[in-house]
Ligand SMILES: Nc1ncnc2c1ncn2[C@@H]1O[C@H](COP(=O)(O)OP(=O)(O)O)[C@@H](O)[C@H]1O
Ligand SMILES: [Mg+2]
């Protein structure tokens, strides 16, 4: 469904993606782990064309997208839902308007179809009768659900989640995990989930890929990664301060590890 070959991206001479390869099969949930700043969000933005790569290939559903013009790319984008970290709701619009935004702006649908899709998408994420609420009236967990509903109402084939459980409590995180699993099982979507949360990774993943120095250094089933003897993988998933990941880049799991 998504095939990435030899992808390169640098910013101001700093190599971020450095010949990265990644394959996501149709219907699978691929979790991406790796330290802050390693280029996980950059990869997701490359897939949706918010950032264009310096070199390499990205195929989405068999279509090479790296050289697509904006108008052609928009057709691909309609198939890909991107769930941003903060939720990114419009504060001046109510929940219904937020969820309907893309349908109203970019799709030629009648009002009843839009209303039905919005209600269906909200029901899928476990919310009912919230259309008239404003984002400021929602809890953090509800905001996440609404942002997921906004993506779901486009009926995408692919959903990309960027750190969906950052900033939410453990109970909300567990509910989000269940939702991600449901999206795969009920809707057969193909997903990439970027996360620092290893509980989440183990729960939702069909396979896990670890980024390091601009490449995928390990990619395997949950058990393969959990039991990996690769020193970098081992250090990361066990959150250890000492190992091949050096101290000057020792920002692991979002915590700065003090130098000795
Ligand atoms: N648009 C941009 N312009 C310049 N640098 C960027 C841009 N986007 C990301 N970067 C840099 O690329 C690196 C990787 O960022 P990112 O993909 O956000 O990391 P993460 O793995 O934490 O998601 C960071 O050093 C970041 O500062
Ligand atoms: Mg990121």
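The values are calculated or read from the model by the stated rules, or taken from the named source; none is laboratory data. Note that the structure is predicted; figures quoted are calculated from it, not measured. Backbone-built Cβ (ideal geometry, glycine too); neighbour counts: all protein chains shown.
Rundown of residues vs (1) in a loop (DSSP other than H, G, I, E, B); (2) within 16 Å of ligand 2 (Cβ to nearest atom); (3) under 18 Å from the mean Cα position of the chain (by Cα); (4) over 26 Å from residue 141 (Cα atoms), yes/no style:
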site	(1), (2), (3), (4)
161	no, yes, yes, no
164	yes, yes, yes, no
175	no, no, yes, no
185	no, no, yes, no
193	no, yes, yes, no
229	yes, no, no, yes
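Kindly indicate which of 135, 156, 170 is closer than 18 Å to residue 187 by Cβ and modelled with pLDDT of 85 or more.
Only one candidate qualifies: 156.
What strands (runs of 3 or more DSSP E) completely inside the range 23-107 contain at least 2 residues that are within 13 Å of ligand 1 (Cβ to nearest atom)?
29-33
Does residue 109 satisfy being over 22 Å from residue 143 (Cβ atoms), touching a helix residue (DSSP H, G or I) at 6+ places or on another chain (Cβ under 8 Å), at pLDDT below 90 and surrounded by 14 or more Cβ atoms within 10 Å (Cβ to Cβ)?
yes
Hey, can you tell me all the residues within the range 36-58 that are farther than 20 Å from residue 210 by Cα and in contact with a strand residue (DSSP E or B) (Cβ under 6 Å, 6 or more places away or on another chain)?
Listed by number, the residues that qualify are 48, 54, 55.
Can you pull out the residues in the range 51-92 that are within 30 Å of residue 133 (Cα to Cα) and free of Cβ contacts under 8 Å to residues at least 24 places away in the same chain?
Answer for the range 51-92, where residues must be within 30 Å of residue 133 (Cα to Cα) and free of Cβ contacts under 8 Å to residues at least 24 places away in the same chain: just 92.
Checking the conditions here, which among 123, 201 is out of contact with any helix residue (DSSP H, G or I) (no Cβ under 7 Å at 6 or more places or on another chain) and within 16 Å of ligand 2 (Cβ to nearest atom)?
Being out of contact with any helix residue (DSSP H, G or I) (no Cβ under 7 Å at 6 or more places or on another chain) and within 16 Å of ligand 2 (Cβ to nearest atom) holds for just one of 123, 201, which is 201.
Of the residues 45, 14, 9, which single one is within 15 Å of the chain's Cα centre (by Cα) and either surrounded by 22 or more Cβ atoms within 10 Å (Cβ to Cβ) or within 16 Å of ligand 2 (Cβ to nearest atom) (or both)?
Matching residue, one of 45, 14, 9: 45.
Could we say that residue 103 is under 24 Å from residue 152 (Cβ atoms) and under 17 Å from the mean Cα position of the chain (by Cα) here?
Judged against the criteria, residue 103 is not a match.
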